[in-house]
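Engineer: Here it is, the structure in full.
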Amino acid sequence: MLRVIIVVAFLFAGPAAAAPADELSALIDEYWTNELAGNPFSATSSGVYDYNDKVPQIAPEDHARRAAQAAAFLERLDAIDREELSDDGRLNADLLRFILKHDVAFARFKTWRIPFLADTGFHTNFNYTVSATPFRTEKDYEDYLKRLDAFPGYIEQQIANMRQGLKDGFSQPKEILPLILPSFEAQVKDDPTQHRFYIPFESMPDRISKKRQKAMRQEAQEVLSQEIIPAFADLVAFMKDEYLPGGRDTLGASELPDGEAYYAARVRFYTSLDDATADDIHKLGLKEVARIRGEMNDIIEEVGFDGSFEDFLEFLRTDEQFYAKTPQALLERAASISKDIDGRLPKFFGKLPRQPYSVEPVPADIAPNYTTGRYVGASLTADRGGQYWVNTYALEKRPLYQLTALSLHEAVPGHHLQNALALEIENVPDFRKDFYPHAFGEGWGLYSEKLGVEMGVYKTPYEHFGRLSYEMWRACRLVIDTGLHAKGWTRQQAMDYLASNTALSLHNVQTEVDRYIAWPGQALSYKMGELTIWELRAKAERELGDKFDIREFHDAVLDGGGLPLELLRARIDRYIAETKAQ
C-alpha cells in the first residue's frame, strides 16, 4: 500500500523546480542567443557567423524592446538563489548582472541618439566587422552581399536616430564636429572598388568559379555605387546641413538633459565601481599628476637638459631625432619593439596565448582624428589574428620615444595578450570570452606599460620619459574627463592642461581631448584599473613573501577574463589564500 501512495503522490506532484544552476545556465544561454541575434555585427566579431547576412535593427522601438529584455533578464537573474550556486556559477551570475545592470541604467538615457565618437562610430565600425568576417566560400560572399544590400537602411535609421537626438538636445557638441566630419566624408568614393567595403572582393578563393567571382564582383560594385555610397553621401549632407549647425553649444555631459545622472552612470560603468564619484576621481588625478611630475623631472636631470620642463617638452616635440621619416619606418620600429617584448614574456607569464598578432597602420580614412594606436581583436575562428594599429598619419606628431609604451599597452603584454587569453578560457559561458570591463582591460594595458620597466624593454632615458608621459597622460585624463563633464571646463582649458603636463604632440593633445569630450567617462578607466592592479600586486607580494611568483600573479589576474575591479579583488584574495595554503 505504501508503494501505491508514493506512486500516486509522484503522479500528482507536478514538475520539480529547476535547480538554481540549471536556471542560471538556461538564462545565460537565452541571454547570449538574444544578444547575438540583436547585434549581428558583434556576433560576427565574436566568431558566430549565423547572422552574417544581417545588420542591426536600431529603430527606437528596437532599442525599447532590448531595454525591456535586459530588465526582464535582470529580474530573472536576481530571483535565482545565489547561495545554491557553485563559486563558478556565482561568478558567472555576477558578471552577467554587471552587464545587465548597466544596460538597464543606460537605457534610461537613450544613448542610441549619439551613435558616433570623435574617432570612430557607426560609419566606420562596420569595417571592423568586415575584417572579422570569413571569406572562404561562395555562401560567405552571398551573405556579405545581402548585408551590403541592407546597409543603406541601417544608415537611414542612424540618421533618424541622430535627428531625434538633435530635437531632444542630446547630441555631440558643436565645437568638436568640424574635425570629425572628414571621417564621414571619407566613406564617399567615386570608384566603388576603392571603398573599404569592397576589399573582400579583391582576392577571392579559387574554390569559387571565375564566372561566379566576376558576377559577385559586379554585384558588389553595383550595390556600392548605387546604394551604399549614395547613402553615405546623404549621411554627409545630413552631418553638414543639420547635425553641425544643430549640435549642442554646451560641452560637458552633465549639461545634457538629465546630464548629471547620465555622467554619474558612466563614471560607475567605466570604473566598474558603484561608489566612484567625479569629485573623488578628480582629486586622485591631481595627486597622481603631482607624483608623476616628480619622476619626469628626475629624467630631465638625468639627461642633463639645460632648461625648464616646458623647454624639455618643446625639445621632444621638435627635435628630428625623435621622429620616423616614413610610415614604413614607424611600423618597422613598432614591430621590432613588439618582437623584442614577445621574447621576454615567459619570464613574467605562465600562460601565453596561441593567437598571433600583426602590426598594421591605422586606416587612412580615419587616421587624421584617430588616436595614436589601438588594438583590434579577432575571434579564434577568424581569418586573421589580432591587430596592433599604429597611426602613421602626420609622422612629425608620432614620437618614437613613446612607441615602446604604446607597444606594451596595445600589443603585448597589454591588450593582445589579455584579450587572446580570454578567448581561450575553458568551461565558461561564451559571453565571458568577449566581456571587456574597461577598467580591467585599460587598467591592464597601463599596468603593462610600467611592467615594461621590469622587463627591461625601455632602452634610453627618453623612452623612460615617454612612458612617464603616457602615465601622466592617463593621470591627466582623471582630471580632464571629470573637469569637462562635471566641473565646467572648456575645451581649451583641457588642451592646455594636457599639453603642459605631457610630451604628447599638440596634434595628439587635440585629438585626445576631443575623444574625451565625445566619450564621457571612458578616459577614467585606465588609471583606476591600473592603480587597482598595482595595489593588488603589492598586497600579494607582502602577504606571500617568498611564495610570491610574478608569473602566477599575472596568470591569476588574467585567467578569468575581464572582471569588474571588485571581482578582481576577490579573485586575487582567493589566489593569495590558496597560495598560502600550499
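The values are calculated or read from the model by the stated rules, or taken from the named source; none is laboratory data. Not measured: the values here are computed from a predicted model. Don't worry about glycine lacking a Cβ; one is built from the backbone with ideal geometry, like all the others, and counts go over all protein chains shown.
Engineer: Sort out which residues of segment 83-107 are without any contact (Cβ under 8 Å) to a residue 24 or more places away in the chain and touching a helix residue (DSSP H, G or I) at 6+ places or on another chain (Cβ under 8 Å), and write them in order of number.
Structural biologist: Across segment 83-107, the qualifying residues are ARG90, ARG97.
Engineer: Given the conditions (1) modelled with pLDDT under 95; (2) aliphatic (A, V, I, L, M); (3) closer than 16 Å to ALA150 by Cα, and given that VAL55 satisfies all but one, which numbered condition is not satisfied?
Structural biologist: It fails just one condition, (1).
For every residue, the table says whether it meets (1) among the aliphatic types (A, V, I, L, M); (2) surrounded by 24 or more Cβ atoms within 10 Å (Cβ to Cβ); (3) more than 25 Å from the chain's Cα centre (by Cα); (4) not in a helix (DSSP H, G or I).
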{"residue": "LYS459", "(1), (2), (3), (4)": "no, no, yes, yes"}
{"residue": "TRP489", "(1), (2), (3), (4)": "no, no, yes, yes"}
{"residue": "SER500", "(1), (2), (3), (4)": "no, no, yes, no"}
{"residue": "ALA523", "(1), (2), (3), (4)": "yes, yes, no, no"}
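Engineer: Is it the case that ASP434 is surrounded by fewer than 24 Cβ atoms within 10 Å (Cβ to Cβ) and either in contact with a Phe, Trp or Tyr (Cβ under 8 Å, 6 or more places away or on another chain) or of a type outside the set (Val, Ile, Thr) (or both)?
Structural biologist: Yes, satisfied.
Engineer: Sticking with this structure for a sec: In segment 174-195, which residues are assigned to a helix (DSSP H, G or I) and either in contact with an Asp or Glu (Cβ under 7 Å, 6 or more places away or on another chain) or at positive phi (or both)?
Structural biologist: LYS174, ILE176, LEU179, SER183
Engineer: Give me the pairs: first residue in segment 483-494 and free of Cβ contacts under 8 Å to residues at least 24 places away in the same chain, second residue part of a helix (DSSP H, G or I), beta-carbon distance under 8 Å, and six or more apart or on different chains, which are they?
Structural biologist: GLN493/GLY483; ALA494/ILE480; ALA494/GLY483; ALA494/LEU484; ALA494/VAL513; ALA494/TYR516; ALA494/ILE517
Engineer: So, LYS167, is that one in a loop (DSSP other than H, G, I, E, B) and basic (Lys, Arg) or not?
Structural biologist: no
Engineer: Take ALA503 and tell me if it is modelled with pLDDT of 95 or more and either under 22 Å from TYR447 (Cα atoms) or assigned by TED's automatic domain parsing to the domain that holds GLY285 (or both).
Structural biologist: No, not satisfied.
Engineer: Which numbered condition in (1) within 19 Å of the chain's Cα centre (by Cα); (2) crowded, with 20+ Cβ neighbours inside 10 Å is the only one that GLN402 fails?
Structural biologist: (1)
Engineer: Identify the single condition in (1) surrounded by fewer than 16 Cβ atoms within 10 Å (Cβ to Cβ); (2) modelled with pLDDT of 95 or more; (3) not in a helix (DSSP H, G or I) that ASP88 does not satisfy, given that it satisfies every other one.
Structural biologist: (3)
Engineer: Another question about this same structure. Can you find a residue that is farther than 20 Å from GLN493 by Cα, in the same structural domain as MET162 (by TED's automatic domain parsing) and either surrounded by fewer than 21 Cβ atoms within 10 Å (Cβ to Cβ) or not aliphatic (A, V, I, L, M) (or both) anywhere in segment 247-255?
Structural biologist: yes
Engineer: Let me ask you something else. Looking at GLU288, GLU301, GLU295, GLU310, which one is touching a residue at least 60 places away in the same chain (Cβ under 8 Å), in a helix (DSSP H, G or I) and exposed (fewer than 13 other Cβ atoms within 10 Å of the Cβ)?
Structural biologist: Selected residue: GLU310, the only one of GLU288, GLU301, GLU295, GLU310 that is touching a residue at least 60 places away in the same chain (Cβ under 8 Å), in a helix (DSSP H, G or I) and exposed (fewer than 13 other Cβ atoms within 10 Å of the Cβ).
Engineer: Which of (1) assigned to a loop (DSSP other than H, G, I, E, B); (2) closer than 27 Å to GLY466 by Cα does GLY562 not meet, given it meets every other one?
Structural biologist: (2)
Engineer: Then there is this: Report the residue count in segment 141-155 for those that are over 19 Å from ILE229 (Cα atoms) and surrounded by fewer than 18 Cβ atoms within 10 Å (Cβ to Cβ).
Structural biologist: Residues flagged as over 19 Å from ILE229 (Cα atoms) and surrounded by fewer than 18 Cβ atoms within 10 Å (Cβ to Cβ) within segment 141-155 amount to 1.
Engineer: Conditions: (1) touching a residue at least 24 places away in the same chain (Cβ under 8 Å); (2) part of a helix (DSSP H, G or I). GLU332 meets all but one. Number of the miss?
Structural biologist: (1)
Engineer: ALA278 - would you say it is out of contact with any Pro (no Cβ under 8 Å at 6 or more places or on another chain), aliphatic (A, V, I, L, M), more than 30 Å from ASP149 (Cα to Cα) and free of Cβ contacts under 8 Å to residues at least 60 places away in the same chain?
Structural biologist: Here the answer is no, as ALA278 does not meet what is asked.
Engineer: Just checking, which of PHE305, PHE322 is in contact with a Pro (Cβ under 6 Å, 6 or more places away or on another chain) and of a type outside the set (S, T, N, Q)?
Structural biologist: PHE322
Engineer: Residue by residue through segment 197-254, note down the ones that are in a helix (DSSP H, G or I), β-branched (Val, Ile, Thr) and either closer than 30 Å to TRP519 by Cα or free of Cβ contacts under 8 Å to residues at least 60 places away in the same chain (or both).
Structural biologist: Matches in segment 197-254: ILE199, ILE228, ILE229, VAL236.
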